[in-house]
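A short write-up of the structure that comes next.
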Amino acid sequence: MSDTYTPTKTKSKDSKNQTKKGLFDFLYTDIAIDLGTANTLIYARDQGIVLNEPSIVALNNQNEPVATGHEARLMHEKTHRNIRTVRPLRDGVIADFEVAEQMIRGMIKKVKMKWYSTTRQMVVCVPSGITEVERRAVRDSAEHAGAKEVYLVDEPMAAAIGIGLDVHEPVGNMIVDIGGGTTEIAVIALSGIVYAQSVRLGGDELNDDIISYFRRNHNLLIGERTAENIKCEIGSAAPLDEELEMITKGRDLVNGVPRTRQVTSKDVREAISESVNTIVEAITKSLEQTPPELSADILDRGIMLTGGGAMLKNLDKLIMETTDLPVHIAEDPLTAVVRGTGAILEDIDYYRTVIS
Ligand SMILES: Nc1ncnc2c1ncn2[C@@H]1O[C@H](COP(=O)(O)OP(=O)(O)OP(=O)(O)O)[C@@H](O)[C@H]1O
């Protein structure tokens with residue numbers, strides 16, 4: 001990894017331009033949300049990140065939520081006929097509006113510190129590739145969940161701000177945000193997105209690849225959570241200095257009984273290689289589309305990786321070898337987007353040009 005690039009700090013809270021405080025501000029809890037396919041994070045003004053939970057809701061027979069986030073995740077794939085778990089986002093966008101609203105409400109309720117407060121301003125980040133109709137839907141959901149003023153920001157822009165880049169600078173930065181449902185690749189300069197590509201493929205797809213691999217090659221049926229665990233523990237994009245292995249549990253497809261099986265990092269790499277290559281190819285294609293002056297900046301500064309997918313072992317190495325560019329993994333990649341969205345909430349005027 002190159003160390004040629006040192007990001008500037010995210011604008012501090014005491015900035016001159018910071019949103020002015022009003023007399024009745026104590027009545028409001030303004031929030032920023034990273035509404036992700038895998039995880040939802042909430043940042044509250046002046047407080048920082050106050051919630052980080054899986055994007056999942058458990059509903060009863062009457063479609064009323066009985067649990068949200070962590071509690072619902074514990075029930076996932078273990079429910080009976082009176083309870084079902086729903087993940088309302090797919091591929092980075094809201095797939096089930098009603099449940100998404102219930103989830104946002106449930107999560108806001110969890111972070112409400114003052115019983116009397118309401119949400120006035122809400123900044124929500126969205127994948128850069130979504131349609132106008134999908135944008136409208138996110139805005140509506142946020143309004144139905146109680147927000148009076150809703151601002152949307154593109155995810156790669158929020159990620160760039162979150163990792164401390166000065167997005168107003170006349171300098172090109174390439175951000176690759178690998179989430180649960182989407183991979184967002186963007187070149188940012190002068191507060192705008194010069195080039196963006198949103199691939200509807202992320203960490204969830206890698207989990208599906210692992211499930212299929214076990215079914216096909218080992219006649220073993222494993223669940224989504226097990227696949228996720230395998231990916232995070234021993235998954236890798238390129239060979240490891242020391243290959244890893246672990247024991248996993250599933251159901252034998254031949255005789256239907258529970259079985260354990262040894263799995264190696266080499267197996268997992270093979271299982272996810274096609275999807276990983278799709279992500280790397282999308283990065284190469286984006287580099288080809290980048291205007292030359294900005295390409296020169298990227299050559300100096302390298303590619304910034306964020307999102308949970310950035311933590312896949314040796315993914316940075318594979319991208320570095322393929323592109324011949326320095327690659328940096330953001331500090332705490334899972335929270336970069338919400339930190340950026342939060343920075344916008346703290347200083348809406350300064351970031352006016354990046355929100356809509
Ligand atoms: N150590 C790890 N190795 C590989 N993948 C990981 C690791 N930790 C988390 N992930 C993956 O990161 C993904 C979640 O990342 P993130 O929270 O950034 O996505 P999201 O914002 O919810 O999704 P999206 O941006 O697509 O809506 C999941 O698919 C998860 O499996």
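The values are calculated or read from the model by the stated rules, or taken from the named source; none is laboratory data. Note that this is a predicted model, so its numbers are computed, not measured. When we count neighbours, we look across all protein chains shown, and the Cβ atoms used for this are built from the backbone with ideal geometry, even at glycine.
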Selection count, the range 306-340, where residues are crowded, with 23+ Cβ neighbours inside 10 Å and away from the ligand (no atom under 11 Å from the Cβ): 4
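How about the range 276-285: which of its residues are surrounded by fewer than 21 Cβ atoms within 10 Å (Cβ to Cβ) and under 15 Å from residue 209 (Cα atoms)? Steps first, answer last, please.
Within the range 276-285, the subset surrounded by fewer than 21 Cβ atoms within 10 Å (Cβ to Cβ) is 277-278, 280-282, 284-285.
The answer is 277, 278.
Within the range 219-226, identify whether any single residue is surrounded by fewer than 19 Cβ atoms within 10 Å (Cβ to Cβ), within 16 Å of the ligand (Cβ to nearest atom) and at pLDDT 95 or above, and answer yes or no.
As a first pass, look at the range 219-226 and keep what is surrounded by fewer than 19 Cβ atoms within 10 Å (Cβ to Cβ): 219, 221, 223-225.
Now narrow it down to the ones that are within 16 Å of the ligand (Cβ to nearest atom): 223-225.
Remaining after also requiring at pLDDT 95 or above: none.
There is no residue in the range 219-226 that is surrounded by fewer than 19 Cβ atoms within 10 Å (Cβ to Cβ), within 16 Å of the ligand (Cβ to nearest atom) and at pLDDT 95 or above.
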Which numbered condition residue 274 fails, given (1) touching a strand residue (DSSP E or B) at 6+ places or on another chain (Cβ under 6 Å); (2) under 30 Å from residue 241 (Cα atoms): (1)
